[in-house]
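Participant: Take this structure first; my questions come after.
The values are calculated or read from the model by the stated rules, or taken from the named source; none is laboratory data. This one's a predicted model, so the numbers in the text were calculated from it and none came from an experiment. Don't worry about glycine lacking a Cβ; one is built from the backbone with ideal geometry, like all the others, and counts go over all protein chains shown.
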Amino acid sequence: MLGFLSARQAGLDDPLRLRRAESTRRVLTLQLNQDRDVDRIHGNGINTLDIEVIEGRYMLSGGADGVIVIYDLENSSRKPQYTCKAVCTVGRSSRYVHKFSVETVQWYPHDTGMFVSSSFDKTMKVWDTETLKPAEVFHFEGNVYCHHMSPIARKHSLIAVGSKDPKVQLCDLKSGARIHVLQGHRGEVLSVRWSPRYEHILATASSDSRVRFWDVRKASGSLFTLDQHNGDKSKAASESANTAHNGRVNGLCFTGDGLYLLTTGTDDRMRLWNSSTGENTLVNYGKVANESRKGLKFAVSRGCSPEFAFVPCGSSVAVYALHTGELVTMLRGHYNNVDCCEFHPDYQDLYSGGKDCNILAWVPTPRKPDIEDEERGGKGEAQAAQNPAFEDAWSSSSDED
């Protein structure tokens, strides 16, 4: 570490290399934080979490009890032991509360004054954060499994919505109307994700085993459908042609640069795809247990080299090296199944929520400098340095620069 700080100060090393390597070290040393608690508000399982990107301070949660909570993640007490307080709640006593399970919550990407929630009560609500009242309510014919707003869009304000209806609905925040439907899936839509690279590109996943890419500016159907066999007819039975998984596809997550898409399915497989070509990269993650009948909320790290995937796996969170498929570690601490993960890219913290009604905070182990650390030229703690993924980070960082 000292060697890298000196090299950066002297202008001999790119600052991004040190930042990526330290971010990687922090992810590889994640552990349950015994000193940080999160207020326990939900009376039932926690389905979804979201941290706003403006300040990186406030987190939303939505539960199977229909309740929505906003937490302040900042340690205002400055004490080693503290609790992330719930600053406001849309509880069962509110006339505006969702009647059934909240499946997805998301902050408005450009302002913390608004957030959106969707629920099994067949509604999606756009909330004013100050008043905790819905500014707009969209009604649907079936259960709403998911929704997503583009993190980068400037030319549109569309919310993509997945529900029991095979049609993907596009709702416009400006007009308050459902302006378009995307037709192509043959089963309920379990996950939707806008590309963080191109504001008009949308990926959708369905119980029909397919993942489709769309350009919402075009009315001529999907751009392409992901094929796990990469077009090899000899490997694909007729009924599994052009399918991303051999079961329900219930999870989507783009990498931060938008170049890759990670998918999960009830066939206990996870696959990584080139988002430009739709090619299956054939990374082998092994068996990734997935018993969820609904959407699975998982996360991918940002700013690391290589990147990592955090995937709910029973009562644990599995951490995988994204491009090699290596299972790096299992984070254990929940007493029941984990349903969602949210990664904080500013601090490399991880938050997870589960059916035990708890939200757990996973934080990096503090660095402990020693003589051995200096002799390694700044490669961090022994625990991280011995991990192959960490060694890859240093070599790939220098290669990229």
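Participant: For the range 349-365, name all the residues that are polar (S, T, N, Q), modelled with pLDDT of 95 or more and in a loop (DSSP other than H, G, I, E, B). It would help to see each step written out before you state the result.
Facilitator: Kept after step one, since they are polar (S, T, N, Q), are these residues of the range 349-365: 352, 358, 365.
Cutting the leftovers down to modelled with pLDDT of 95 or more gives us 352, 358.
Residue satisfying the conditions is ASN358 alone.
Participant: Among the candidates VAL181, VAL168, VAL216, VAL189, which residue alone is under 18 Å from VAL102 (Cβ atoms) and β-branched (Val, Ile, Thr)? I'd like the intermediate steps shown before the answer.
Facilitator: Values: VAL181 fails: under 18 Å from VAL102 (Cβ atoms); VAL168 fails: under 18 Å from VAL102 (Cβ atoms); VAL216 fails: under 18 Å from VAL102 (Cβ atoms).
Sole residue among the options that is under 18 Å from VAL102 (Cβ atoms) and β-branched (Val, Ile, Thr): VAL189.
Participant: Moving on to the next point. So, of the residues in the range 267-278 that are touching a Gly at 6+ places or on another chain (Cβ under 9 Å) and touching a residue at least 24 places away in the same chain (Cβ under 8 Å), which turns out to be surrounded by the most Cβ atoms within 10 Å (Cβ to Cβ)?
Facilitator: Restricting to residues being touching a Gly at 6+ places or on another chain (Cβ under 9 Å) and touching a residue at least 24 places away in the same chain (Cβ under 8 Å), the top hit is MET270.
Participant: Just checking, does the range 299-306 include any residue being surrounded by fewer than 16 Cβ atoms within 10 Å (Cβ to Cβ) and over 29 Å from SER163 (Cα atoms)?
Facilitator: Among the residues of the range 299-306, not one is surrounded by fewer than 16 Cβ atoms within 10 Å (Cβ to Cβ) and over 29 Å from SER163 (Cα atoms), which makes the answer no.
Participant: In the range 318-367, how many are in contact with a Leu (Cβ under 7 Å, 6 or more places away or on another chain), aromatic (Phe, Trp, Tyr) and either farther than 23 Å from GLY56 by Cα or free of Cβ contacts under 8 Å to residues at least 12 places away in the same chain (or both)?
Facilitator: Looking only at that region, the number is 1.
Participant: Here are some residues: ASP257, ASP268. Which one is under 29 Å from ASN143 (Cβ atoms) and of a type in the set (Asp, Glu)?
Facilitator: Values: ASP257 fails: under 29 Å from ASN143 (Cβ atoms).
Checking each option against the conditions leaves just ASP268.
Participant: Let me ask another. Can you name the residue in the range 164-187 that is in a strand (DSSP E or B) and touching a residue at least 40 places away in the same chain (Cβ under 8 Å) and is also surrounded by the fewest Cβ atoms within 10 Å (Cβ to Cβ) among such residues?
Facilitator: If we filter the range 164-187 for residues that are in a strand (DSSP E or B), which is where we start, we get 168-172, 177-182.
So of that shortlist, the ones also touching a residue at least 40 places away in the same chain (Cβ under 8 Å) come out as 168, 170-171, 178, 182.
Working: VAL168: 24, LEU170: 20, CYS171: 23, ARG178: 15, LEU182: 21.
Across the range 164-187, the extreme among qualifying residues is ARG178.
Participant: Now a separate question. Kindly indicate whether any position in the range 40-63 is surrounded by fewer than 18 Cβ atoms within 10 Å (Cβ to Cβ) and touching a Phe, Trp or Tyr at 6+ places or on another chain (Cβ under 6 Å).
Facilitator: In the first step, residues of the range 40-63 are kept if they are surrounded by fewer than 18 Cβ atoms within 10 Å (Cβ to Cβ); the result is 40, 43-44, 53-57.
Now narrow it down to the ones that are touching a Phe, Trp or Tyr at 6+ places or on another chain (Cβ under 6 Å): none.
Within the range 40-63 (the criterion being surrounded by fewer than 18 Cβ atoms within 10 Å (Cβ to Cβ) and touching a Phe, Trp or Tyr at 6+ places or on another chain (Cβ under 6 Å)), the answer is no, since none of the residues qualifies.
Participant: Here's a follow-up. For the list (1) of a type outside the set (A, V, I, L, M); (2) modelled with pLDDT of 95 or more; (3) out of contact with any strand residue (DSSP E or B) (no Cβ under 7 Å at 6 or more places or on another chain), I need the number of the one condition that GLY314 fails.
Facilitator: If we test GLY314 against (1) of a type outside the set (A, V, I, L, M); (2) modelled with pLDDT of 95 or more; (3) out of contact with any strand residue (DSSP E or B) (no Cβ under 7 Å at 6 or more places or on another chain), just (2) comes out false.
Yes/no per residue for (1) more than 22 Å from TRP362 (Cα to Cα); (2) within 19 Å of the chain's Cα centre (by Cα):
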| residue | (1), (2) |
| --- | --- |
| GLY63 | no, yes |
| GLU74 | no, no |
| ALA86 | no, no |
| ARG95 | yes, no |
| TRP127 | yes, no |
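Participant: Right, something else. Please specify each residue of the range 152-163 satisfying the condition of being in a loop (DSSP other than H, G, I, E, B) and either among the small types (Gly, Ala, Ser) or loosely packed, with under 13 Cβ neighbours inside 10 Å (or both).
Facilitator: Within the range 152-163, the subset in a loop (DSSP other than H, G, I, E, B) is 152-157.
The answer is ALA153, ARG154, LYS155, SER157.
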